[in-house]
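Read-outs: derived from the displayed coordinates by stated rules, not from any lab. The model shown is predicted, which means the values in this text are computed figures rather than measured ones. Please note: Cβ atoms are built from the backbone with ideal geometry, for glycine as well, and neighbour counts cover all protein chains shown.
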């Protein structure tokens, strides 16, 4: 598991599909769902730790450089 997409695939294996509308919110919800899977002992400690690292990195990247601009996609020159 190396990417945010990989974490989403892990969640899908357990019937969890995430699409809130904003990527940052999706990442945060994915982290909550990974926590729940781990608490229920459905995923290993290793998968849990890896998923949390991937999600933390994705969250930091999205905060620094959002894929969708909040101003409707307009980029100032």
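Miscellaneous remarks
- For the chain, the longest principal axis of the alpha carbon atoms and the long axis of helix 23-39 meet at an angle near 10°.
- Within segment 1-20: backbone nitrogen closer than 19 Å to the residue 67 label point (7 Å, Cα to C-beta): 1-13, 16-20
- Theoretical ellipticity at 222 nm over the chain - DSSP helices of four or more residues, -39500 (n - 2.57) apiece, nearest 500: -20000 deg cm²/dmol
- Residue ranges 16-25, 53-62, 33-42 sort as 53-62, 33-42, 16-25 when ordered by packing (mean number of other C-beta atoms within 10 Å per residue, highest first).
- Between the helical axis of 4-13 and the longest alpha-carbon principal axis of the chain there is an angle of about 40 degrees.
- From the coordinates shown, semi-axes √(5λ) of the Cα gyration tensor in Å corresponds to which of (1) 37, 10, 9; (2) 18, 15, 10; (3) 27, 12, 9: (3)
- Angle in degrees between helix 45-64 and the longest Cα principal axis of the chain, rounded to the nearest 10: 10
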